[in-house]
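See below for the structure under consideration.
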Amino acid sequence: MSVHEIRSFVEGDWVPFGNQQTITVNSAVTGEPVALVGQSDINFHSVLDHARNVGGPALRAIGFHDRARLLKALALHLDQHKEELYALSHTTGATRADAKIDVDGGIGTMLVYASKGRRELPDSSVWLDGNVEMLSRKGTFVGQHILTPKLGVAVHINAFNFPVWGMLEKLAPTLLAGMPAVVKPATPTCHVTEACFRMMIDSGILPEGSVQLIVGATGDLLDRLNAQDTVSFTGSAKTALSLKSKPRILRKSVTFVAEQDSLNATVLGQDAAPGSAEFDILVKEVVTEMTAKAGQKCTAIRRIFVPQGMQSAVADAIAAKLDAIRIGDPANRETQLGALVSLAQRDDVMAKVTKLREEADVVFDGSAMNMGDVDVERGAFLAPHLLMCDDADAAKHLHEIEAFGPVSTIMTYRDTQHASALLNRGGGSLVTSVITHDPDIARDIALGTASHHGRIYINNRDSAGESTGHGAPLPHMTHGGPGRAGGGEELGGIRGMHHYMQRTAIQGSPDMISAVVGTWVPGSTTHTEDAHPFTKGFDALKLGETFLSDSRTVTLEDIETFAHFTGDTFYAHMDEEAAKANPFFPGRVAHGYLLLSFAAGLFVQPDPGPVLANTGLSDLAFQKPVSPGDSISVTLTVRRKTRRTEDYGEVRWHVVLTNQDDETVATYTLHTMNAYSA
Ligand code: NAP
């Protein structure tokens, strides 16, 4: 295999290869050199300037929706070239299945962000956080929290184990937020990251300056960061500590997100005896976590807690499955367990196993496993190691040392309280799984450990068929954990963008708030126009445009007709005495749904026109009952417009129903899809 010179990409160009202090990256499988990482002369001041002055403005010039479209295009482009990345991943010890977790996982994460960006965010750069807060009695002074993109640079420092996913899962929320990024991959697998990065640049999809790549050392990059910048670090606790405690980072209050080592665990419920579906699920999950990516997953199960008395059965079942695993050359399609990333990594794992063995016995070490024809001297192959400890309370290393490879230890517990205490001994982890079919056990352990774990994965016979796996961080759910795990939070849907945006509390009159946030806020100025708003195209509607309906009297006959027609003969509408006895009603009252139907009858313009469909209604509150003889009228105001396609967009209308005394009867938000003007 040819040795590839790995280059950085800064200020819109690939940097010439630097020959000083070259690091050779060897194949994890054969030990042959596959890549050379040199130290180039990079001016980090200019790198940051380029991101801040070229990439940032270009990204912020377009809104969330256009940025989401870029992510989608990028993900689809990478998807077309992924075979090349799978092939290269082989040199890192990854099987095809491992490479798919990395490559397809990264592409999938980008696609989820692309989709969420368009469905959950407005077509602007201002993200409203929560509702308007009423800060005054008459409503002339209100508040709204907003998030806007930070004006700096996101520096992503990534771990070696996921060279593609690690880059893409951070780029997706960063670029969607509108922030440019500088990516620094871990050296042992940077050739895979560089290949993926090259594909992104070659696609020409991203605006100039929005991404840069630094391979090798980062020089004085971190010493040049400011309060508008964010560092998102993944790696060991030791490196995290040394970087986040840099005086510059502390002095400038640079946001520092850390995802570091983690003593993740699984617990088998007391209901899950051998032979149960849950027992088998636990065995399967443990074997997957020990062998996928050769156990080099930040979320892999390191501690297995089982009820006292079940340890031998669990150990035998896991050992039997491990023994059947095919270990060997990851390029071979049958191989299930490839190599660790390097010989140094294997040495590190074995040194940690030696420490763990001070407190645990070896149940399985794969000494009889057939490794095929791989060269175990030159390739970083390591059989799975399953350990067992009799006294989980007395153990120390087992709750502290992370052997980042195919290593896990079985321990026992007495009851759910004891299991929770042991799970929490990890000092904070990314994920804990609870394998049980008993809701009480699931609740006791989940609530007993939620404070210490970023994610709690409960699995059993009902969910196993569709469950996503203990170790899989999903873009929809938070990835991160407290304490030992670094205290960071990534992903979690659009929550993952928080690190790249500033939250600001805006206070002022409703008109001022409307102007700032680009959405009409109740209490702001409204205006009526001659034409009914349902006759106007999406583009022609203006925020604050209002329609005032005629009024309609609600009769007892209306209520009875509606009751019999729908079958809703609830006593509050049909029985005067019973309704009066209810603390909320003066006597018989109109159905809330009757009022909504009458409201629609009062505000619609019935002819075919730009309104294509009513797609929903939200934030409905019935505020005052309507008695027979009362009359109601409706006010409909354009609150927010969101472009969906070239042909139509979504309009959110603020709807208020009032009675003859001008008292508010009900409020809600109506959603419609409206075509553009013909
Ligand atoms: P590492 O040695 O701490 O390195 C992590 C990253 O930091 C690499 O990119 C490394 O680059 C860089 N780095 C090291 N020193 C630096 C410095 N002075 N300035 C700037 N960057 C520096 O960790 P690793 O060995 O790659 O990863 C394994 C660890 O990561 C495991 O402990 C695992 O649990 C953890 N991990 C956690 C998660 C999570 O999401 N929580 C995910 C994956 C892995 P070089 O390679 O060039 O030194």
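Please treat every number below as a calculation from the coordinates, not as lab data. Bear in mind the structure is a predicted one, so any value in this text is a computation, not a measurement. Neighbour counts run over all protein chains shown; Cβ positions are idealised from the backbone, glycine included.
What is the order of ILE146, ILE513, fewest Cβ neighbours within 10 Å to most?
Working: ILE146 20, ILE513 23.
Sorted ascending by nearby Cβ count, the order is ILE146, ILE513.
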note = From the Cα centre of the stretch 423-482 to that of the stretch 626-678, the distance in Å is 42
query = In which sequence would PHE562, PHE141 go, from the one with the fewest C-beta neighbours within 10 Å to the one with the most?
reply = PHE141, PHE562
Cα-projected label distance for LYS396 with ALA58, points at 7 Å along beta-carbon direction, nm = 5.4
request  = Read phi for every residue in the stretch 326-335 and hand back ³J(HN,Hα) as whole Hz from Karplus 6.51 cos²θ - 1.76 cosθ + 1.60, θ = phi - 60°, with x for Gly and Pro.
outcome  = 8, 10, x, 4, x, 6, 6, 4, 7, 5
key: Ranking of GLU576, GLU557, GLU650 by count of other Cβ atoms within 10 Å, fewest first   = GLU557, GLU576, GLU650
note = With DSSP loop assignment and no more than 14 other C-beta atoms within 10 Å, the trypsin sites (Lys or Arg not before Pro) in the stretch 96-170 are ARG137, LYS138
ask   = Which ³J(HN,Hα) values in Hz, rounded to whole numbers, follow from the phi angles of the stretch 444-454 under the Karplus curve 6.51 cos²θ - 1.76 cosθ + 1.60, where θ = phi - 60° and Gly and Pro get x?
value = 4, 6, 4, 6, x, 10, 4, 5, 10, 9, x
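Evaluate E = 1/(1 + (r/R0)^6) for GLU133 and GLN605, where r is the Cβ-Cβ distance and R0 equals 35 Å; express this FRET efficiency to the nearest 0.05. Numbers along the way, then the final one.
Working: r = 34 Å, r/R0 = 0.99.
Between GLU133 and GLN605 the formula returns 0.50.
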inquiry  = Below 20 Å, Cα to Cα, which aspartates and glutamates can LYS100 reach? Residues fewer than 8 away in the same chain don't count.
reply    = ASP79, GLU83, GLU84, GLU169, GLU194, GLU285, GLU289, ASP329, GLU334, GLU466
task = Rounding to the nearest 20 debye, state how big the charge dipole of the stretch 1-154 is about its Cα centre with +1 on each Lys and Arg Cβ and -1 on each Asp and Glu Cβ.
result = 860
message = Using +1 at the C-beta of Lys and Arg and -1 at the C-beta of Asp and Glu, which of GLY108, PHE141, HIS90 has the Cα lying farthest in the positive direction of the dipole of the stretch 90-162?
response = PHE141
request  = Report the one residue of GLY56, VAL29, SER40 whose Cα lies farthest in the direction of the positive end of the charge dipole of the stretch 13-72 (charges on C-beta: Lys and Arg +1, Asp and Glu -1; origin at the Cα centre).
outcome  = GLY56
key: Reachable lysines, given that their alpha-carbon falls under 24 Å from the alpha-carbon of LYS352 and they are not under 8 places away in the same chain   = LYS238, LYS293, LYS297, LYS321, LYS396
ask   = With θ set to phi - 60° and the Karplus curve 6.51 cos²θ - 1.76 cosθ + 1.60, what are the ³J(HN,Hα) couplings of the stretch 549-556 in order, to the nearest whole Hz, using x for Gly and Pro?
value = 8, 6, 10, 9, 8, 9, 9, 5
ask   = Based only on the alpha carbon positions, what is the Kirkwood hydrodynamic radius of the chain, in angstrom?
value = 28.4
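Between ASP440 and THR148, what FRET efficiency comes out of the Förster formula 1/(1 + (r/R0)^6) with R0 = 41 Å and r the beta carbon distance, rounded to 0.05?
Numbers: r = 45 Å, r/R0 = 1.11.
Once the sixth-power term is evaluated, E becomes 0.35.
List the chymotrypsin sites (Phe, Trp or Tyr not before Pro) in the stretch 563-671 that DSSP assigns to loop (not H, G, I, E or B) and whose Cβ has at most 13 other Cβ atoms within 10 Å. Which are they?
Details: sites: PHE565, PHE570, TYR571, PHE584, TYR593, PHE598, PHE603, PHE622, TYR648, TRP653, TYR668; in loops: PHE570, PHE584.
Sites meeting the loop and neighbour criteria: PHE570, PHE584.
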inquiry  = Looking at the chain only, what percent of DSSP beta bridges run antiparallel? Nearest 5 please.
reply    = 60
query = When we measure straight from the Cα of LYS580, which lysines land under 20 angstrom away, once same-chain ones fewer than 8 places off are left out?
reply = LYS624
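How big is the Cα convex hull of the stretch 1-159 in projection, averaged over all directions, in nm²? Please list the in-between numbers first.
Values: hull surface 53.0 nm².
Dividing the Cα hull surface by four gives the mean projection, 13.2 nm².
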Extension gain, ALA227 back to ASP202 (0.36 nm per residue minus Cα-Cα distance, nm) = 5.8 nm
query = So what's the angle, to the nearest 10 degrees on a 0 to 90 scale, between helix 343-356 and the longest Cα principal axis of the chain?
reply = 90
inquiry  = Take THR561 and ARG378, extend 7 Å from each Cα along the Cα→Cβ direction, and tell me the distance between the two endpoints in nm.
reply    = 8.9
key: Global size of the stretch 298-338 as Cα Rg and Dmax, reported in angstrom   = 13.7, 41
inquiry  = How tilted is helix 311-323 with respect to the longest principal axis of the chain? Cα atoms for both, answer in degrees (0 to 90, nearest 10).
reply    = 70
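Once the piece of chain linking GLU358 and ALA450 is laid out straight, how much longer is it, given 0.36 nm per residue of separation minus the C-alpha distance between them?
Values: separation 92, 0.36 × 92 = 33.12 nm, distance 2.99 nm.
30.1 nm is the gain from fully extending GLU358 to ALA450.
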query = How much length is gained on full extension from ASP271 to GLU663, taking 0.36 nm per residue of separation minus their Cα-Cα distance?
reply = 135.4 nm
task = Report the label-to-label distance for LYS580 and GLU466 in nanometres (one decimal), using points 7 Å from each Cα along the Cα→Cβ vector.
result = 5.1
task = Could you give the size of the charge dipole of the stretch 174-290 about its Cα centre, using +1 on the Cβ of each K and R and -1 on the Cβ of each D and E, expressed in debye and rounded to the nearest 20?
result = 780
ask   = For the Cα atoms of the chain, what angle does the longest principal axis make with the long axis of helix 277-291, in degrees from 0 to 90, nearest 10?
value = 60
ask   = Which whole-angstrom value gives the distance between the alpha carbon centres of the stretch 246-269 and the stretch 158-179?
value = 16
request  = Return the whole-Å distance between the Cα centroid of the stretch 58-83 and the Cα centroid of the stretch 281-327.
outcome  = 38
ask   = For the stretch 275-342, with only Lys/Arg (+1) and Asp/Glu (-1) charged at the beta-carbon, what is the dipole magnitude about the Cα centre, in debye rounded to 20?
value = 260
inquiry  = Counting other C-beta atoms within 10 Å, and keeping those with at most 12, which DSSP coil GluC sites (Glu not before Pro) do you find in the stretch 286-370?
reply    = GLU334, GLU358
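Just how many % of Cα pairs in the stretch 167-249 lie over 18 Å apart, if you round to the nearest whole percent?
In whole percent, the share of Cα-Cα pairs in the stretch 167-249 beyond 18 Å is 47.
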